[in-house]
């Protein structure tokens, strides 16, 4: 009898623990936005950019069941309040609204495609309306690609690109763009003193076979200060030495499920055969002079759960490299 009571107590304890963990992982932690402050050194950074801040977030994943749009709104509100010199969005605006497992690339009859796109763009439009220059790249989900095996949905990516452009978000698809000097009072691109220029080098999505690093870098003077923006951290390995002193990515969601006190262990560590570059500053990866930071993103993939892996908004204070 005593053993049965102990077994019942243990079972109830486990059930309560799992229930509380799910309540935390689904209802609390995903809405608890973490705002991180980082410092990044850039060679040849113009004096007008010294000490200025850049905001980064990623992986909105609008359209995922129980998607985390409240945290996206919170991130946007924080960026507007902080008034950085620019905001960067590292892809995956939508999840997979077409559920396009067969890889059909022209699904214009599916109204839900536009519904998810319109919602995602509406979430970030306030950045532009607040006068913050906003730049973005697309991610694999923006092509309807849940995995590498999916055939990309070009219609989805095209419609999203059109809507972002209409909203005033500058989409950089293997394109480098100048961010206007903060001291100029002009949020437009180009036509400024080259010595005051800071470039954002936007790289297309890797899973969509659209990451053309060389094409984008060819648009940047060799000695110009630059920030590389990509969705998939794997694209970072294609940058030549000293070509990406600050590279920013998303895609990983930080693993979503992570054990406390073991930052290198996450759900991704179990399901991926290759090395996992999940979040934060990544070491021992890429060529000399290049530095990669991976943002944990805001939304979800597969399951709407985050445990020990809060959604992230990152601010980078820019400093001129002294060596």
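The values are calculated or read from the model by the stated rules, or taken from the named source; none is laboratory data. All figures in this text were calculated on a predicted structure; none of them were measured in a lab. Counting neighbours? That spans all protein chains shown, and the Cβs are built from the backbone with ideal geometry, glycine included.
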Name the residues in region 130-172 that are surrounded by fewer than 18 Cβ atoms within 10 Å (Cβ to Cβ) and not in a helix (DSSP H, G or I), would you? 130, 131, 146, 147, 148, 149, 151, 168
Scan (1) in a loop (DSSP other than H, G, I, E, B); (2) crowded, with 22+ Cβ neighbours inside 10 Å for the single condition residue 313 breaks and write down its number. (1)
Could you go through region 265-281 and let me know if any residue there is at pLDDT 85 or above and farther than 26 Å from residue 87 by Cβ. no
Kindly indicate whether residue 297 is over 18 Å from residue 314 (Cβ atoms), at pLDDT 90 or above and crowded, with 19+ Cβ neighbours inside 10 Å. no
